[in-house]
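Presented below is the structure to which this report refers.
The values are calculated or read from the model by the stated rules, or taken from the named source; none is laboratory data. Remember, it's a predicted structure, so these values are computed and weren't measured experimentally. Counting neighbours? That spans all protein chains shown, and the Cβs are built from the backbone with ideal geometry, glycine included. When the accessible area is computed, the model is the full protein with side chains, heavy atoms only, and any ligands, DNA or RNA have been set aside. Shrake-Rupley method; radii C 1.70, N 1.55, O 1.52, S 1.80 Å.
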Amino acid sequence: MGIQITPSILNADFSQLGAEVARIGSADWVHVDVMDNHFVPNLTFGPTMVEALARSTSIPLDAHLMIEDPDTNAVTYVEAGCGSVTFHVEAAKAPIRLAREIRKAGARASMALKPATPIEPYEDLLPELDMLLVMTVEPGFGGQRFLDLCLPKIRRARALMDKHGVETWLQVDGGVSLETIERCVEAGADVFVAGSAVYSADDPDRMVADLRAAAEAVTPR
Ligand code: DX5
Ligand code: ZN
């Protein structure tokens, strides 16, 4: 599949989200951070807003659910029009059943790991997943500093994917910028969420192109 850039709208202007998404026309996905003020100490969108956003753009939506009860709520985001739905393994009660339900509902199924959550216990789940998200900040807010201590986990996750021969995408989220993206590519990531880097740029779509070029210039591992 190659490199994909998925800007997060968390730091966009919420009073005009349709217009904000129109500023990133070359993005592969729009990353939508759903927060419930329980799993993380912040509150953002629900399914109704996500559905309105899906109708406003032809770019597919990549929902990142930072919610306490993904088992009950994840499929709602597929029905709202998301092409990819990510749940946190720390919150999921039955991650295999949940991944299968997301796929069956018609979206790509993805599982996220917080910075302190290891990949190894979940090795056997990789064939059930279309994408693994390795968080490189503690989830909850945009604009935090990239945690270099997560790079070895990205490397180990990529090695496990190679071992299992799966096509699972490897996404990184948190503090991704022109300064940090190369390290992520070298470690084996191929899908890049960038929030503040994109929306604090004068020309967000130019930043999407610059991030893509910086990532494509690096040979993985
Ligand atoms: C944080 C969110 C991220 C956030 C990234 O919990 O999951 O998607 O928007 O923002 P930056 O790129 O600013 O770290
Ligand atoms: Zn996110």
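Quick notes on this structure:
- Of all residues in the range 205-221, those satisfying the criterion of being more than 12 Å from ligand 1 (Cβ to nearest atom), in contact (Cβ under 8 Å) with a residue 12 or more places away in the chain and not in a loop (DSSP other than H, G, I, E, B) are 205, 208, 209, 210, 212, 214, 215, 216.
- Residue identified as modelled with pLDDT under 95, open to solvent by 10 Å² or more (accessible area, probe 1.4 Å), farther than 18 Å from residue 175 by Cα and more than 12 Å from the chain's Cα centre (by Cα) among 2, 81, 25, 46: 2
- Flag for residue 161 being over 22 Å from residue 127 (Cα atoms), of a type outside the set (D, E, K, R) and either open to solvent by 60 Å² or more (accessible area, probe 1.4 Å) or at pLDDT 95 or above (or both): no
- Some residue of the range 49-61 being under 23 Å from residue 170 (Cβ atoms), outside any strand (DSSP E or B) and within 14 Å of ligand 2 (Cβ to nearest atom): no
- Members of the range 13-38 that are under 19 Å from residue 143 (Cα atoms), within 13 Å of ligand 2 (Cβ to nearest atom) and in contact with an Asp or Glu (Cβ under 6 Å, 6 or more places away or on another chain): 31
- Enumeration of residues in the range 185-202 that are over 15 Å from residue 170 (Cβ atoms) and either crowded, with 24+ Cβ neighbours inside 10 Å or touching a residue at least 40 places away in the same chain (Cβ under 8 Å) (or both): 194, 195, 196, 197, 198, 199, 200
- Subset of the range 91-109 (residues that are buried (at least 17 other Cβ atoms within 10 Å of the Cβ), free of Cβ contacts under 8 Å to residues at least 40 places away in the same chain and assigned to a loop (DSSP other than H, G, I, E, B)): 92, 107
- Neighbours by Cβ (under 8 Å, 6+ apart or cross-chain): first from the range 140-156, without any contact (Cβ under 8 Å) to a residue 60 or more places away in the chain and open to solvent by 70 Å² or more (accessible area, probe 1.4 Å); second away from ligand 1 (no atom under 16 Å from the Cβ) and not acidic (Asp, Glu): 156/119
- Exclusive hit being open to solvent by less than 40 Å² (accessible area, probe 1.4 Å), of a type in the set (Asp, Glu) and within 20 Å of residue 191 (Cα to Cα), set 71, 62: 62
- Among the residues of this structure, residue 57 does not count as one that is within 21 Å of residue 195 (Cα to Cα), at pLDDT 95 or above and touching a His at 6+ places or on another chain (Cβ under 7 Å).
- In the condition set (1) within 16 Å of ligand 1 (Cβ to nearest atom); (2) touching a residue at least 24 places away in the same chain (Cβ under 8 Å), residue 2 is compliant with all but (1).
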